1. In whole Hz, what ³J(HN,Hα) sequence does the stretch 89-96 give by Karplus (6.51, -1.76, 1.60; θ = phi - 60°), x for Gly and Pro?
2. What would the Debye formula give as log10 I(q)/I(0) at q = 0.30 Å⁻¹ for the alpha-carbon point model of the stretch 21-69, no solvent?
3. Hey, can you grab everything whose amide H is under 5 Å from the amide H of SER136? Only 5+ residues off in sequence or another chain; H modelled, so Pro and N-termini drop out.
4. Report the chymotrypsin sites (Phe, Trp or Tyr not before Pro) located in the stretch 59-103 that are in a DSSP loop and have at most 10 other Cβ atoms inside 10 Å of their Cβ, or state none.
5. What shape does the stretch 57-106 take by its C-alpha gyration tensor, where a ≥ b ≥ c are the square roots of the eigenvalues and a/c under 1.5 counts as rounded, a/b above b/c as prolate, and the rest as oblate?
Amino acid sequence: MTAITAPTGRSHLLLALLVTAGMILAVGTALGFQYIGGYIPCKLCLEQRMPYYVGIPVMLLAALSAALRLPGAVTRGLLLVGGLLMLYGAYLGVYHSGVEWGWWAGPTDCQAVDLPAAGSGSGGILDQIDKVIPPSCTVAAGRFLGLSFAGWNVIASVVTAAIALTAAFRRQ
């Protein structure tokens, strides 16, 4: 029984911080491409960010738990949650990659829509400026070494999940 409640050591703290840094790097890269690079994310791209937005605070709590030497079950439980979130992120990335490669259909509400030409149809040009139409989920915004952003997200998610899950099942 003492093994379950034993405080976690320095390795749990370092691994929690490593997973946190990996998550921040992954989602920060996506945000950088969006805001600096001008890429507009599709619906599935935005969904893939959710495990990071939830996971970063969870991993910070895991690091805090390890630093405060709370019972090991608390830190390992938080690391487990972080690892599971990243496995879900990997699933979302695989799903999106499959949609991009045409292996299966994507969501019906993730299609590019042609905007009417300026001045045509109802409403003025100012009404049309306010309408931002995200890109289709079926078209990769770009590929680097053969992988789209969704493919790279799979790799980032699997690596961070592996580290978090390894730490979650490691006893001091």
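What follows draws every value from the coordinates through simple rules; no lab data is involved. This one's a predicted model, so the numbers in the text were calculated from it and none came from an experiment. In this analysis, Cβ positions are derived from the backbone assuming ideal geometry, glycine residues included, and neighbour counts consider all displayed protein chains.
1. Result, ordered by residue: x, 5, 4, 4, x, 5, 4, 5 Hz.
2. -1.09
3. Result for SER136 returns ALA112.
4. On the way: sites: TYR88, TYR91, TYR95, TRP101, TRP103; in loops: TRP103.
Here the chymotrypsin sites (Phe, Trp or Tyr not before Pro) that fit, given the DSSP loop and packing criteria, are TRP103.
5. On the way: a/c = 6.96, a/b = 4.33, b/c = 1.61.
Verdict is prolate for the stretch 57-106.
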